[in-house]
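Taken together, the values in this text are just the output of simple stated rules run on the coordinates, not laboratory data. The structure displayed is predicted, hence computed values, not measured ones. Every residue, glycine as well, gets a Cβ built from its backbone with ideal geometry; the counts of neighbours run over all protein chains shown.
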Amino acid sequence: MAERATLKKLEDMGTGMVKQIDAGDGPTFETVLRTKSNTIYDEGIGCLRTGDKKELRKFLSMAQAKTFMQTVAIASKTRKFVKEELHTSIRGLFYQLKFSLGEDLDEDLFSEQSESNGLIEDLEVALGIKREDLNLTTDRKGFVAGPMTILDRFGGEETLIDLEKQGRSGWSIPSDVDNGMDIKKLDADYVLVVEKDALWQRLNEDKFWKKENCILVTPKGQSTRGTRRLLRKLADRKLPVYCLMDCDAWGWYIYWTIKTGSMNLAYLGRDFAVPEARFIGVTMSDIDEFDFLQKLTINAKEVDIKRAEEMLGYPWINRHPEWVKELKMVLKTKKKIEQDALQGQRLTFVGEYINKKIKKKDWLP
Amino acid sequence: MAESDNIFAQFKEHSVAEFFKKNQQMLGFSGKVRSLTTVVHELVTNSIDACEEAGILPEITVNLEELGEEHYRLTVQDNGPGIPKTHVGKALGQMLAGTKFHRYIQQRGQQGIGASGCCMFSYLTTGKPTKAVSCYKGTRYDLEVLIDFKTNKPLLNMISESPTDQHGLTVISEYKGVKHEQSNKGIFEYLRRTALVNPHASITFMDPATGKISLPRSTEIIPPKPFEVKPHPLGISPHDLLETSHQYSTEYRKLSSMLQNAFSRVSSAKVEELRRMVPDVDFDKNPAQLTWEEAEKVVKGFGQVKWIAPATDSLVPIGQAQIENSFKNIFSPELVVVTERSPKVYKGGIPFIVEAGIAYGGGIAAAGKQGEVMRFANKVPLLFDTSGCAITETVKAIDWNRYNLKNFDEEPIAVLVNLASVHIPYTGAGKQAVAAEEEVENEIRFAVMEAARGIQRYLSGKRKAHDIATRKKLVERYVEQLSADLADLSGGKKDRIVKRLNQIIEDKYAGPGAGGEDDEGSATGTKPESDDSEGGDE
């Protein structure tokens, strides 16, 4: 179904351009301006999205002729992928399109992979589809375990995957969780996202997800598109999403990307954001609550301080007094705390910590 | 040809040969290449002047033969009126004797040391006399001439006299220790530039290395004769004053009357003023008794008196059309822009005119010219002392960036500057560089900048056309691939899309004002015929 819609959009794009040409006009297509100035925070839905500024891409323009041709080449090539039901990475696409434009032209269609990234985004925005719909895969990074069963239609086979039976490694979140994939059974109370894989492994060993009846996820640092989509889908099933991150610049950034989306991918809007997410820790206030953390703080780096200052300037963050208070404390003490510090006293303390936080609703929005 | 008769009546004698013998470099006889070019310059200049005075279209042949290492024979032949028997010796064998020095007139040569200087130089390097053939009023004189350095008298050996229906002068002389070179200081470049500013002259050069080269005339019109004016006090050097005083010593008994008669704008009131300015010079003494020191003081006094400016109508520029034709004739450049300024005066009283021409592209590059400044003074090419010359300095100091000529020295461009004046402010007796007179420099700058604006307009237009062509090409590169993908997506035929797309590009980037990035193709929406056999690239 989804495949048919994608194919139609791609074909309509081509037909529209041919119509323009037949009418004696140079071919064009419209996309949305993806600049910082056209990135807005949408209070209604609680995430970043692109504004209304449109941009017309034209073939008859010295500056755009090549990228226009390249964009159409990507459309044509990915249409083939979708039709043949084959997936490849952006790198794979790049090699598919890295050929000479002609014997007399000393130029390749693409010579650098970096050329294609922005053009794929153009296509996504212009056609209102995601790159995953174009059968373009991205690297996987996140892991998940918990009371959930997934039906995976892939490579001509259907596989039922029980996420309670993934052992020590968990299930690796694929780059596309929309096409050919359905959640068959979901019986959890909430979703817990921990920043680091190390902590995920610790909690998995404790069978934390079983005890708590939760879905345990780690993006393993910054979230991939697949991880973000999965979290969105789980949130759509009315599951609360709690995040446990480092109390430093990187941790905050990972959290806010999950919650509001990133500036870079603002055009993806709500599909890749979880405005309902909550930040349960680690926070500076935890020092007052748990004495032992006092000794386990480390000095904040310049980048942490800078990031804290920046965040205080973002309207979607400084509208929360809790965050303002937290960030100001960082600026004052110039300290940071890693989530690993929670294991400082006892390895199993982390579970208790999370429990306590959720029960007491002690979180930052 | 009545004119050519009386000019020789003005011959006067001077004893300066000894001085110049010791100071050859003052005449341009320094350096092996320069010496040879100087010889050609002196003889050719004399020929063109003689023809011009007689109202004859100059036909000049310069034949250089290599006799040995650094040993050449030079033959310069013209079709001028020739020189009468009575004057030929003096013309070639006596320093500062000539038709030019004592006349205040815009001419190529100024000091009358030219031909005799060559004669002297030839003798000093080879020990041989200079041979001459003068065909004057039906008689051909074959002769040899030497200079007696002690007395500055010509030693003449008349070989033969015979009747002829020709007219003209041929000078044959040999030189050693000189060098012929294909450079922008060599003979060919000198002659080429001479032809450039004398479009009525036809010059042939027999080059011992490359053979015969012809520089045909581009016009049959002989330039108007500059008429003679008496020298203005402001253009006079102590040396000039001394020479003039000696020259007129028999006609005028007092210095005061000599000044009033030999110079323009000198009235008795002005002489009285001079007396007050220069009290220790006796203005009643015989002009012949004037010493160098006194002459210096009088000239200093000239500078302090307020003079009526000399008449400017004696100046004869080359002319805009002539320069333009000439440039086209010799270099066939892509573009020529010529400007002529109105006459101005420098040093408070010496009139001058500046003409400038800029030739760009085309044959200029082929002639190996890049950012070249071609200097002329009264239509005489100045090839040497480039760096000390006000013309070069002024042209190079212009901000060429403003005229779309970023790297002046690397552009295919030749800048011609001709300074016309009854008194060119040379930096030295070698007459190869113009001194830095502020008024002259300003005029040069204005003239060249005016011409440069013409070049700029042309270049920006050209650049725009080039830009449009570049844009078109850039877009055309991608038509094939785009069409293939569009055919793929839409299910249409690639060749048809290619054909249509190329037509749209053709329409968009054709015609004036085309190629704007924002205007969409304006072709009408007529249905294309589905001719699939056609299409393809360009």
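Observations on the structure shown:
- Ranked list, fewest to most other Cβ atoms within 10 Å of each Cβ, for B:200, B:423: B:200, B:423
- Residues whose amide H lies under 5 Å from that of residue A:154, counting only those 5 or more places away or on a different chain, are A:159; hydrogens are built 1.01 Å from N in the peptide plane.
- Distance between region B:471-486 and region A:270-312 - C-alpha centres, whole angstrom: 52
- Built amide H within the under 5 Å cut-off of residue B:153, gap 5+: B:148
- Sum of -39500 (n - 2.57) over DSSP H runs of 4+, divided by residues of chain A (222 nm, nearest 500): -12000 deg cm²/dmol
- Karplus-derived HN-Hα couplings along region B:135-141 (A = 6.51, B = -1.76, C = 1.60, θ = phi - 60°), whole Hz, x at Gly and Pro: 9, 10, 6, x, 10, 9, 10
- In this simple spin-label model, placing a label point 7 Å from the Cα along the Cα-to-Cβ direction at both residue A:168 and residue A:222 gives a separation of 3.0 nm.
- For region A:282-365: relative contact order, % (alpha-carbon pairs under 8 angstrom, 6 or more apart): 36
- DSSP-defined beta bridges in the protein assembly as shown - what % are antiparallel, rounded to 5: 80
- In nm, spacing of pseudo-spin labels at residue B:463 and residue A:3 (7 Å Cα→C-beta vector): 5.6
- Once the Cβ-Cβ distance of residue A:22 and residue A:43 is raised to the sixth power relative to R0 = 51 Å, the FRET efficiency obtained is 0.70.
- The HN-Hα couplings worked out from phi for region A:295-306 by the Karplus form 6.51 cos²θ - 1.76 cosθ + 1.60 (θ = phi - 60°) are 7, 9, 6, 10, 5, 5, 8, 4, 5, 5, 4, 4 Hz, whole numbers, x standing for Gly and Pro.
- Column: log10 I(q)/I(0), Debye, Cα scatterers of region B:251-373, q = 0.11, 0.13, 0.20 Å⁻¹: -0.60, -0.67, -1.07
- Toward the positive end of the charge dipole of region A:143-359, with +1 on the Cβ of Lys and Arg and -1 on the Cβ of Asp and Glu, the farthest Cα among A:298, A:266, A:330 is that of A:330.
- The tail of the calculated P(r) for region B:233-302 beyond 17 Å holds 29 percent of all Cα-Cα pairs.
- Fewest-first sequence of A:252, A:363 by Cβ atoms within 10 Å of each Cβ: A:363, A:252
- Among the listed pairs B:153/B:179; B:464/B:494; A:66/A:233; A:141/A:336; B:254/B:379, a Cα-Cα separation exceeding 27 Å is found for B:153/B:179; B:464/B:494; A:66/A:233; B:254/B:379.
- Equivalent ellipsoid of the protein assembly as shown: semi-axes from √(5λ) of the C-alpha gyration tensor, largest first, are 96, 35, 23 Å.
- For region B:444-457, Karplus couplings with θ = phi - 60° (6.51, -1.76, 1.60), whole Hz, Gly/Pro x: 4, 4, 4, 4, 5, 5, 4, 5, 4, 4, x, 5, 4, 4
- Estimated FRET transfer efficiency when R0 is 51 angstrom, pair residue A:30-residue A:157 (beta carbons, to 0.05): 0.80
- Normalised by the number of residues in chain A, the average gap of Cα pairs under 8 Å and 6 or more apart makes the relative contact order 14 percent.
- Summarising the amide proton neighbourhood of residue B:67: residues at separation of 5 or more, or on other chains, whose placed amide H is nearer than 5 Å comprise B:72, B:73.
- Separation in nanometres of the label points that stand 7 Å from Cα toward Cβ, at residue B:151 and residue B:269: 4.9
- Rounded Å value of the spacing that divides the Cα centres of region B:404-425 and region A:224-240: 76
- Residues residue B:387 and residue B:308, FRET efficiency given R0 of 41 Å [Cβ-Cβ distance, rounded to 0.05]: 0.65
- Proxy reagent accessibility, fewest Cβ within 10 Å first, across B:75, A:71, B:139: B:139, B:75, A:71
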